[in-house]
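Heads up: the structure comes next, in structure tokens.
The values are calculated or read from the model by the stated rules, or taken from the named source; none is laboratory data. This structure is a prediction, so every number in the text was calculated from the model and none was measured. Glycine gets a Cβ as well: all are built from the backbone with ideal geometry, and neighbour counts include every protein chain shown. Each accessible area value is taken on the protein alone, full model and side chains, heavy atoms only, with ligands, DNA and RNA left out. Shrake-Rupley method; radii C 1.70, N 1.55, O 1.52, S 1.80 Å.
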Amino acid sequence: MTQNLIAKSSGPRRVLAIEVMVPNAAIRNLIREDKVHQIYSQMQVGQSKFGMQTFNQSLASLIQRGLITLEKASGAARTPRRLRNMLASGVKPGVNRPVQAR
């Protein structure tokens, strides 16, 4: 789990952006086989079944809900280009669901 507080678009408050990776069998296998570069896409795929989300998915959701600006999100994103591509494609990330402990 990774988290970051981002300044809200209105007022002096902050909002939480969070990345969640669940170490399921697929993730553990990628690590074992030294294919860590594939973890990001596995997290995107595992979103609905395992409650995973990438940091960019969290940022995109916060932008779409009007809680943060694209400028603030781009400053916080590790891959701002992927974030902009995600937003441009119209993908609506199903994020910010409570994740149940396993």
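Only helices enter the 222 nm calculation for the chain: every DSSP H run of n ≥ 4 contributes -39,500 (n - 2.57), and dividing by all residues gives -11500 deg cm²/dmol, rounded to 500.
When the Gaussian network model of the chain links Cα atoms closer than 10 Å, the mean-square fluctuations of LEU70, LEU87, LEU16 top out at LEU16. Ignoring aspartates and glutamates fewer than eight residues from LYS72 along the same chain, none have Cα atoms less than 15 angstrom from its Cα. Just the protein heavy atoms count here, and of the accessible area of the chain at 1.4 Å, carbon and sulfur take up 52 percent. On a per residue basis, segment 1-82 carries 60 Å² of accessible surface, using protein heavy atoms and a 1.4 Å probe.
Placing R0 at 25 angstrom, the Cβ-Cβ distance between GLU33 and GLN3 gives a FRET efficiency of 0.35 after rounding to 0.05. By the Stokes-Einstein formula, at 1.306 mPa s and 10 °C, the chain with its Kirkwood radius over alpha-carbon pairs has D equal to 112 µm²/s.
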